[in-house]
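The values are calculated or read from the model by the stated rules, or taken from the named source; none is laboratory data. This is a predicted model, so every value here is computed, not measured. Note: ideal-geometry Cβ built from the backbone for every residue, glycine included; neighbour counts use all protein chains shown. Surface areas here come from the heavy atoms of the whole protein model, side chains and all, with no ligands, DNA or RNA. Shrake-Rupley method; radii C 1.70, N 1.55, O 1.52, S 1.80 Å.
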Amino acid sequence: MQRPLVIILDFGSQYTMLIARRVRELGVYCEILPCTTPLSELKARAPRGLVLSGGPASVIEEGSPTVDRALFDLGLPVLGICYGEQLMVHLLGGRVESATDREYGGAKVTIARNDGVLGRFGKGDVLDVWMSHGDRVVALPPGFEVLATSPGSPYAAVADVSRRLYGVQFHPAVAHTPRGGALLAAFVLDVLKLNP
């Protein structure tokens, strides 16, 4: 019997290995694959969920790393982190722009809706998080709604809950996001319903 698998697609983030470590610390098997992995190979591996890592590129620049848009039609839960959130929003019909107020370092994120990846927090909770981005989401795709905001990111966490597509602008795997482990646990254990 094949063990349940979470795949992390790497877009060049310095935190990709750390994301994998945090998932494995939850007792769940995961693999890191390049973002260029063909959709057919992803389907053949039959993951239970996907994580889109951050990365240093800009989704609005020509030639930036991307994925086949059909990835979001596989019916798999997806968690996009930083660049991963922006890419998901961009490919699904939202809008990403270069930010005038870029966020680098610590920030405060306020939970607007405790659902999905934010299901282990309370509505109105304020989280200390680590931001590192020069672009930001300025319009959501159809079906998406805001889960959390920060002073510099009105879309700090977003979701299409019915399709189990989630995005966060901050980095939950790093020590500077002290409660980020609860977010990853909510995705892996609650949304994907995987047992450690």
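Where both partners of a DSSP beta bridge lie in the chain, what percent of those bridges are antiparallel, to the nearest 5? Numbers along the way, then the final one.
Working: 22 of 38 bridges.
Of all bridge pairs located within the chain, approximately 60 percent are antiparallel.
Between the labelled values (1) 9.8; (2) 18.4; (3) 12.5, the entry that holds mean projected area of the Cα convex hull in nm² as derived from this structure is (1). Residues of segment 32-75 with an amide N closer than 15 Å to a point placed 7 Å from the Cα of Glu97 along the Cα-to-Cβ direction: 60. Computed in the context of the full set of protein chains, the accessible area of the chain at 1.4 Å probe radius has 50% of its extent on carbon or sulfur.
The mean of 1/r over all distinct Cα pairs in segment 135-196, once inverted, gives the Kirkwood hydrodynamic radius of 12.6 Å. These residues, Phe187, Phe144, go from largest to smallest accessible area, 1.4 Å probe, as Phe144, Phe187.
Determine the calculated [θ] at 222 nm for the chain from helices alone, applying -39500 (n - 2.57) to every DSSP H run no shorter than 4 residues and normalising by the residue count; nearest 500 deg cm²/dmol. Kindly include the intermediate steps, with their values, before the conclusion.
Details: 4 runs with 32 residues, N = 196.
Using -39500 (n - 2.57) per qualifying helix, the result is -4500 deg cm²/dmol.
Each residue of segment 117-123 was assigned a 3J(HN,Hα) from its phi angle through the Karplus curve 6.51 cos²θ - 1.76 cosθ + 1.60 (θ = phi - 60°); the sequence is 5, 9, x, 9, 10, x, 4 Hz, with glycine and proline shown as x.
Taking DSSP loops as anything outside H, G, I, E and B, show the longest stretch in the chain free of trypsin sites (Lys or Arg not before Pro) there with at most 14 other beta carbons within 10 Å. Each step should come with its number before you reach the end.
Working: sites that count: Lys123, Arg179, Lys193.
The answer is 1-122.
For Asn114, the residues 5 or more places off, or on other chains, whose built amide H falls under 5 Å of its own are Lys123.
Spin-label pair Tyr29-Met17: with each label point 7 Å from Cα along the Cα-Cβ axis, the two points sit 2.2 nm from one another. Here the relative contact order of the chain, from alpha carbon pairs under 8 Å that lie six or more residues apart, stands at 21 percent.
Accessible surface for segment 87-196, divided over its residues, is 41 Å² per residue with a 1.4 Å probe. If R0 is 35 Å, the Cβ-Cβ spacing of Lys123 and Asn195 corresponds to a FRET efficiency of close to 0.80.
Annotation note: GluC sites (Glu not before Pro) in segment 27-119 located in DSSP loop regions with a Cβ neighbour count of at most 15 within 10 Å are Glu61, Glu62. Springs between alpha-carbon atoms under 10 Å, Gaussian network over the chain: tell me which of Val117, Val174, Val158 tops the mean-square fluctuations. Evaluated over the chain, the most mobile residue of the options is Val174.
Extending 7 Å from the Cα toward the beta-carbon at both Leu39 and Arg3 defines two label points whose distance is 3.0 nm. Taking all protein chains together and rolling a 1.4 Å probe, Thr16 ends up with roughly 0 Å² accessible.
Computed across segment 27-103, the Kirkwood radius stands at 13.5 Å (inverse of mean 1/r, all Cα pairs).
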